[in-house]
Each structure stands twice: as structure tokens, then as C-alpha cells.
Amino acid sequence: MRLFTLLICLCLVTPVWAQKHQISSKELASVDAYVQQLMKDWRVVGSSVTIIHKDKVIFSKGYGYRDLDKKLPVTSRTLFGIASNTKLFTAMGAAILHDEKKLDLDKPVRNYFPEIRFATTELDEKLTLRDMLSHRSGVPRWDGVWSGSGYSLQEIVDRLQYLKPTLGFREGYLYNNNMYAAAGAVTARVNGTTWSELIRQRIFEPLEMKHSYFSFEDAAATGEFASDYFVSLADSTIKTHTKDAHCDCWAPAANIVSSSEDLSHWIIAHLNGGTYNGRRAFSPKALAETIRPNNIASKQMVFDEVFYGLYGLGRSSTSYKGHVIVSHGGVISSYRSQISIAPKDSIGIIVLTNTAQGSSMANAAVYGIYDRLLKLGETPWSQKYQMEYKKGLREAAHEADSLRGLQIKGTRPGHDLASYTGKFEHPAYGTMEITLTGEKLHLTFRDRSQDLEHFHFDQFWAAQDPEYPILFNGRLMRLQFLTNGSGKIDRIRTGISTDPEVEFVRK
């Protein structure tokens, strides 16, 4: 509790001179040169960077290409998937309804959505929208449930009852996209619309965000949607990423596609009490509700310059070199985004990229821009993030090597290969199918299709992808086939993505 209080106090303290600081053309030129260097450092194909000061855009520039093959440049109107920055809109939608007393963020969500069920009685009886929007349910990510599923939003809500918590209720921070999806469904129910209609009517329209969309398909139809890319881990070449299929299931958590031009309206409203171009979208009270800390997001400091993080509703806050920073990042397909506000300094920064390595570039850009605009001294952020990136690759490789080290050499499968085939089902994940082609078992799960290699005894693992040597978001997928009392294989125990292990039962 003492740490929580200290964090809040530090986030409220900002030097008075910073609030009066005027930004010069020389400082903006320095920003431009800095971003150009970051593009080279991280091999980012395309990026859009916009800076807002008070109620005006003072810098907006596209870098690189939205389509590398056609050499189409990025502009301020180029569309990018903003991924988890969608959460800011979902949280604001809830805060607006709370402000209008149409719902109470601190009342159990079953007051508004009676049929919703969770994995424990305590969550059924006590879980609130504030809990869901500040990641304090105690339920881990379970991203494998929705990723590539094709589920509807309602189908995700129906599956929450199978997603068990790993922390006590309100005992910590566990980021959870499924809870955000469900929170969006709750606000839609209260508003009497769909979630997208709520956001469009209450936020997009008053903020004149006329070129923001709720699906990749709608964005692509405009001709302004950036292609997305990644740097292959196999041969270091830049390759086009196959976009993830649109799925309503993650809409309130990650679906919005927008441009830095449209998002600048959103930031201007944040810096001006919820008003853009003379029209109010949300009240200062609703805005304050989203920023007010409810949870401690990080209990260790990765960098000395950035203090421990707090989490409000759809955004985190911290102290950067003594300045309050309210921000959120986003990752979907190979799109990376960072939307950051220094409220006491009346500065907002938007960085959108179309390359998988762009997360580090976007983070380095935001901190480096603050350094230059606020005269904080120029920390070598690109080098710092390069060190963290390489550390992450080493740790992922070490995890894979550690798994291989557990292998008992010289063993054979305990059954003939045909015995492992069939369809296996889990109530949240759906169906996994194992087939046999020649002497090779093959796994099909949603949009994933992989050969299986024998590990030892009745364990197999998914063959590695040469582009991504570490499968399923940094984790090799190992399948343990289990038998019933008759010695017949009737279950598969495995973990999808970084989710806890579960059992798929033969259909």
C-alpha cells in the first residue's frame, strides 16, 4: 500500500517550468532526425509520428512505406492496427456511461449482464467493470482462447467460465484481453447497442474521427491500410506478414484501425477536458476516472529513468524523469503502436508502425521525443532497447534449449501412431485434430497447422517454423497424450501460447 501511495504522489509532481515550456522548431528538427535514425536501427518499413501540444498538432510526419513493394509512402492518414490502444476507447466508453449514471464501475457486472459466468463463485458475485478494466481479476491472459478462433464476442463471454484464475481476486496485475472483450459486451448491453456503435456514437463522431474503423476488412477497403512486415529470424530479410483474420471476439480489446491524424483528435480532447473543435466527447470527470490508478502494473523498474507503473482503466501511468506520463502500447499482427500523453506538460505523442520490431522503436521514439521537447537530456534509448530485445531472444532460445534438455533420448512412442489420431475438444478452446500422414503425426488447431515430432514416450511437440524458431508466442507447444483406465489414449494435455496447461478430451 505504501508503494501505491508513493507512486500516486510522484505522478502528481511536475516542475512548474515544464508546464510553460515552449517547443521550438529546432527541437522538432531534432525529433525528426532522431526518428529517422530509429527507423534504420530497427529496420521499420513504415511509421507515422505525430506530436500534439495543447490543442494543436505541432509535428506530423510519415516515414518509410505503407506498401514496400509498391513504394507507397506513409502519411498522417495511413491506417494502422492500433491493437491494445483500443482498450483506451473501451475504458472511456465505460467511464462515459458511469459518468451518466447508466452503470456503476464498482457494482458487480452481473447486475448488467446476468448470464455472464466466471470460473469461481467469488468472481461471479464480486467482479466489477473496474476490476475487468484494470486487470485485477486474478485471471491470466488465456490469449490462446481467442487468438485465431473466429469466435464471436458472445462466444468469448460464454467461455469465461472455463478460464481459471491463478491469483487471488484483486491481489495483483494480470493483463487480460478476454476481460476487456467481456467489458465491451457489458457496456454495449447497457447502452442498448453493439460495442462498435457505442464507440462510434460517443467518441468517434464528436471527435470527428471519420477515418477510423473496427475491422481490418473495412480499413483495407479504403486503400490507405498499411501492409505489415517482420524481419525474419531465419535469414534477416524483411517479409510481409499475413494479417490475422478479423475476429469480433477481440473487438473491444484490440480491433480499432486508425491513423495518426484521427488519433490526434483523441489526444487533443484528452489535453482539453474532453473537447475537440468546440464539441465535448467526454467530461473531465470521465477522463480522470480512466487515469486514476487502480492497480500496480509493474513492481520492478526495467530502466532507471522510468518509475514503477500504475494502471487505471485502459492506460498506464508512470513518472519519466519527474514527468507524469500516461500511455498504452499495442501489438496485433505486425502492427505496433504507442500512444502517450504528458498531461502536466500538455504534450501528446502518437507512434504507429507496420513492422514487428516496431514495439521497441515506438517506445524508444516516445521517450526520446520527451527528452528533446522537455530538455531532459538525451538517453540512448535505441541502444537500451536493442539490449533488451537481444536479451529477450536469448531467453526464448534458452527456454527452448531447456525443454530439449528434458528429453529422454532413445525412447519410442508407447502406442502405434494411429492411436494418437482423432479429434480432441476443450470447452474454451474448441477442437484440436491429430492426423497421420505416412509416419508423421500432424496437428491442426484453428489456423495453425504443424507436423509433430516425437519428444519422448507419449509426448510430442510441434515442429519449429524456420521464420519463428520459437512457436506460439515464445513457447514451444508440447503435447502430452494421456490414457484412460483401459490404456487407450483419450486426452491431450498442452498449453497454448503462454496459457496454463489444459486437457483436450477425445470427442
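Flag: residue 57 does not match the condition of being among the aliphatic types (A, V, I, L, M), buried (at least 20 other Cβ atoms within 10 Å of the Cβ) and under 13 Å from residue 261 (Cβ atoms).
Summed over the stretch 100-139, residues that are farther than 27 Å from residue 200 by Cα and surrounded by fewer than 22 Cβ atoms within 10 Å (Cβ to Cβ) total 8.
Applying a threshold of 8 Å to beta carbon distances and a minimum spacing of six or more residues, or different chains, the list of pairs starting in the stretch 23-34 at a residue that is in the same structural domain as residue 58 (by TED's automatic domain parsing) and of a type outside the set (Val, Ile, Thr) and ending at one that is surrounded by 17 or more Cβ atoms within 10 Å (Cβ to Cβ) and in a helix (DSSP H, G or I) reads 27/372; 27/373; 30/372; 34/365; 34/368; 34/369; 34/372.
Pull up the stretch 203-227, narrow it to residues that are among the small types (Gly, Ala, Ser) and outside any loop (DSSP other than H, G, I, E, B), then point me to the one that is surrounded by the fewest Cβ atoms within 10 Å (Cβ to Cβ). So that I can check it myself, show each step before the final result.
We begin by selecting, within the stretch 203-227, every residue among the small types (Gly, Ala, Ser); these are 212, 215, 219-221, 223, 226-227.
After this cut, where a residue has to be outside any loop (DSSP other than H, G, I, E, B) as well, the list is 219-220.
Working: 219: 23, 220: 16.
The qualifying residue surrounded by the fewest Cβ atoms within 10 Å (Cβ to Cβ) is 220.
Each row is one residue, and each column tells you yes or no for (1) in contact with a Phe, Trp or Tyr (Cβ under 9 Å, 6 or more places away or on another chain); (2) under 27 Å from residue 498 (Cα atoms); (3) modelled with pLDDT of 95 or more; (4) surrounded by fewer than 20 Cβ atoms within 10 Å (Cβ to Cβ).
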residue: 169; (1), (2), (3), (4): no, yes, yes, yes
residue: 179; (1), (2), (3), (4): no, yes, yes, no
residue: 235; (1), (2), (3), (4): no, yes, no, yes
residue: 247; (1), (2), (3), (4): yes, yes, no, no
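Every residue in the stretch 401-450 that is among the aromatic types (Phe, Trp, Tyr) and under 23 Å from residue 158 (Cα atoms), please.
Residues of the stretch 401-450 that are among the aromatic types (Phe, Trp, Tyr), as a first pass: 420, 424, 429, 445.
The answer is 424, 429, 445.
Taking the residues in the stretch 426-463 that are small (Gly, Ala, Ser) and in a strand (DSSP E or B) as candidates, determine which candidate is surrounded by the fewest Cβ atoms within 10 Å (Cβ to Cβ). Steps first, please.
Narrowing the stretch 426-463 to residues small (Gly, Ala, Ser): 428, 430, 438, 449, 462-463.
Then keep just the ones that are in a strand (DSSP E or B); that gives 430, 449, 462.
Working: 430: 16, 449: 11, 462: 21.
Looking at residues that are small (Gly, Ala, Ser) and in a strand (DSSP E or B), I get 449.
Taking the stretch 68-82 only, how many residues are exposed (fewer than 12 other Cβ atoms within 10 Å of the Cβ) and under 19 Å from residue 259 (Cβ atoms)?
1
For first residues located in the stretch 250-276 and acidic (Asp, Glu), partners that are part of a strand (DSSP E or B) and lie 6+ apart or on another chain with Cβ distances below 6 Å do not occur. For first residues located in the stretch 90-110 and in contact (Cβ under 8 Å) with a residue 60 or more places away in the chain, partners that are polar (S, T, N, Q) and surrounded by fewer than 18 Cβ atoms within 10 Å (Cβ to Cβ) and lie 6+ apart or on another chain with Cβ distances below 6 Å form the pairs 99/283. Of all residues in the stretch 299-310, those that are at pLDDT 95 or above have Cβ atoms under 7 Å from Cβ atoms of residues that are among the aromatic types (Phe, Trp, Tyr), 6 or more apart or on another chain, in 305/320; 306/320.
For the stretch 149-164, filtered to residues that are outside any helix (DSSP H, G or I) and buried (at least 18 other Cβ atoms within 10 Å of the Cβ), the residue that is modelled with the lowest pLDDT is 149.
Residues that are at pLDDT 95 or above, closer than 19 Å to residue 428 by Cα, among the small types (Gly, Ala, Ser) and part of a loop (DSSP other than H, G, I, E, B): does the stretch 120-138 have at least one? So far as the stretch 120-138 goes, yes, one or more of its residues are at pLDDT 95 or above, closer than 19 Å to residue 428 by Cα, among the small types (Gly, Ala, Ser) and part of a loop (DSSP other than H, G, I, E, B). Within the stretch 207-223, residues that are farther than 26 Å from residue 274 by Cα sit with their Cβ atoms under 8 Å from residues that are part of a loop (DSSP other than H, G, I, E, B) and of a type in the set (D, E, K, R), at 6+ positions apart or across chains, in these pairs: 216/243; 216/244.
State yes or no: is residue 97 hydrophobic (A, V, I, L, M, F, W, C), surrounded by fewer than 24 Cβ atoms within 10 Å (Cβ to Cβ) and in a helix (DSSP H, G or I)? Yes; evaluated as a whole, the condition is true for this residue. Residue 273 passes every criterion in (1) crowded, with 21+ Cβ neighbours inside 10 Å; (2) part of a loop (DSSP other than H, G, I, E, B) apart from (1).
The values are calculated or read from the model by the stated rules, or taken from the named source; none is laboratory data. None of these values were measured; they are calculated from a predicted model. Note that we place each Cβ from the backbone using ideal geometry, even for glycine, and neighbour counts take in every protein chain shown.
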